[in-house]
Amino acid sequence: MDISFNSTEQLNLPYSLEAEQAVLGALLKDPLCLPLVSDMLKTEHLYLPQHKAIYSIILNLDAMGSAIDPLVVLEELKKDGVYDDIGGKTYLMKIAESVPSTKNVESYIKIIVDKYYRRTLMLTAQSILDESGDSGENADTLLDMAEQKIYDIRRGKNTAGPAKISDVIMSDVIGRLNKLSSADPKEKEKYLGIPTGFSYLDKMLAGGMHRSDLILVGARPGMGKTSFALNVARNMAVKGRKVLFFSLEMSNEQLAQRVISTEARIVSSKLRTGEINDADWEKIGLALENLVNAELYFDDSANITVPEMKARVRRMKGVECVVIDYLQLMSGTKRTENRVQEISEITRSLKLMAKDLDIPVITCSQLSRNTAKTSDHRPQLTDLRESGSIEQDADIVLMLHREGYYNNEEQQENPSTVSEAEIIVAKNRHGETGKVNVAWNAEFTMFSTLERIQDDR
């Protein structure tokens, strides 16, 4: 049985000429139905290039505040060379007059979108067959690629090729702005950044952690990377966000123990030794009440790769943020000449994961020992270990600094003292950089916001 395809034509791609004409005709006949149409129909959903051109012009006219008039649409089509005067006028009149009813426009759109997904599935199946037969990649890589393609279709992501800027603006940018300006707080919340729980940091990051961003949290060992990452994950989860925390260093039990210590304000060493009194048990009970509905999930799988992480996130459905502790313990999927190349491959894959899943990915990373050699010990971007493409791929780089960490005598004399720490925003692709002062409590492994911000810019 021959299941190969030699050309796109052999696929006999499905589309509905009548449905496409009916929707465009409805827009020309009754422009008031545009809000409904533009909310459901994207330019790429249409099959015929002429129909895509007509719809793009209608969207552009609306964006500029111009009336949707068939004559104006015709002039734009003539400018773009889509139709001549006679041909364009005849066709626009034809589709406007052939609309059965503008009231059924939603049904026509559903037909168009259904045909679009069928076409996309057929083209994707062809692509998978071609890559499986001719590619030199191993089976695991091919499976990951095939899963990604199908997942993209499920998400409604267009993978057909380049997109015109006006189409992107109308379909994505304007749509997102409309959602952000919505009167419905829940609708608006979906498109805002996810707050970290550190108010000044959120302000500097324009609302928190944003979709498709790769955020790197760098620090020396013992500086509090894991604690900070857990604090952020907990803060997001108790506010109703679904967070998945991958730990390559600590077990699920150890992570949960730290969260309880922070939430209940119980010295973490007590949870390790079991020296819990009645008051502590009461605190633990109250902490559990706060956490019982928090969708914070732990995964302590060892040697997990980025494709495996991505697959688990998809299966869970609805994950809004991924946290990874930490980068240097991860394994790549390809053979590389050295560790720097392997780390570069991992960070690139993490950035693609954030983009593909459309969620923020927070990754902890160790810094080199160079920070201990400088006079003020403050970390810099150049201190990222095995940097390679780490700095390049990350959208945001946060670095933790506690001067008290380097003062051994102070630590020995006052191990439980609440000290000051800094979150240094060393890189911010979307805005300003600077420094946020926070409090560090070693007893409860907890960072918390101070009522001021120090800015050395």
In this structure, is residue 331 touching a residue at least 40 places away in the same chain (Cβ under 8 Å) and of a type in the set (Ser, Thr, Tyr)? no
Quick one: in region 398-438, of everything that is among the polar types (S, T, N, Q) and at pLDDT below 85, which residue is nearest to residue 383 (Cα to Cα)? 407
Going residue by residue through region 268-290, is there one that turns out to be buried (at least 20 other Cβ atoms within 10 Å of the Cβ) and assigned by TED's automatic domain parsing to the domain that holds residue 424? no
Need a quick list: helices (runs of 4 or more DSSP H) entirely within region 161-220 having at least 2 residues that are at pLDDT 70 or above and more than 30 Å from residue 380 (Cβ to Cβ). 165-168, 174-180
Restricting to region 15-48, and then to whatever is modelled with pLDDT of 90 or more and within 19 Å of residue 123 (Cα to Cα), can you tell me which residue is farthest from the chain's Cα centre (by Cα)? 16
Applying the selection to region 294-332, what residues are among the hydrophobic types (A, V, I, L, M, F, W, C), part of a helix (DSSP H, G or I) and either crowded, with 18+ Cβ neighbours inside 10 Å or modelled with pLDDT of 85 or more (or both)? 306, 309, 313, 316, 327
Condition test on residue 227, is it in a helix (DSSP H, G or I) and surrounded by fewer than 14 Cβ atoms within 10 Å (Cβ to Cβ)? no
Taking region 260-283, which residues are of a type in the set (D, E, K, R) and in contact with a Ser or Thr (Cβ under 9 Å, 6 or more places away or on another chain)? 270, 275
Please state which one of 313, 306, 292 is out of contact with any Cys (no Cβ under 9 Å at 6 or more places or on another chain) and over 28 Å from residue 153 (Cα atoms). 292
Test: residue in region 324-341 that is out of contact with any helix residue (DSSP H, G or I) (no Cβ under 8 Å at 6 or more places or on another chain), assigned by TED's automatic domain parsing to the domain that holds residue 236, acidic (Asp, Glu) and within 25 Å of residue 232 (Cβ to Cβ): no
Among the candidates 81, 65, single out the residue that is at positive phi, modelled with pLDDT of 80 or more and of a type outside the set (Ser, Thr, Tyr). 81
Some residue of region 222-242 being modelled with pLDDT under 85, in the same structural domain as residue 422 (by TED's automatic domain parsing) and of a type in the set (Gly, Ala, Ser): yes
Considering region 333-351, residues that are under 21 Å from residue 396 (Cα atoms) and either in contact with a strand residue (DSSP E or B) (Cβ under 9 Å, 6 or more places away or on another chain) or among the β-branched types (Val, Ile, Thr) (or both), and then whichever is modelled with the lowest pLDDT, we arrive at 340
Output the residues belonging to region 17-50 that are free of Cβ contacts under 8 Å to residues at least 12 places away in the same chain and hydrophobic (A, V, I, L, M, F, W, C). 32
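The values are calculated or read from the model by the stated rules, or taken from the named source; none is laboratory data. Computed from a predicted structure; not experimentally measured. FYI the Cβ positions are ideal-geometry reconstructions off the backbone, even for glycines, and counts take in every protein chain you see.
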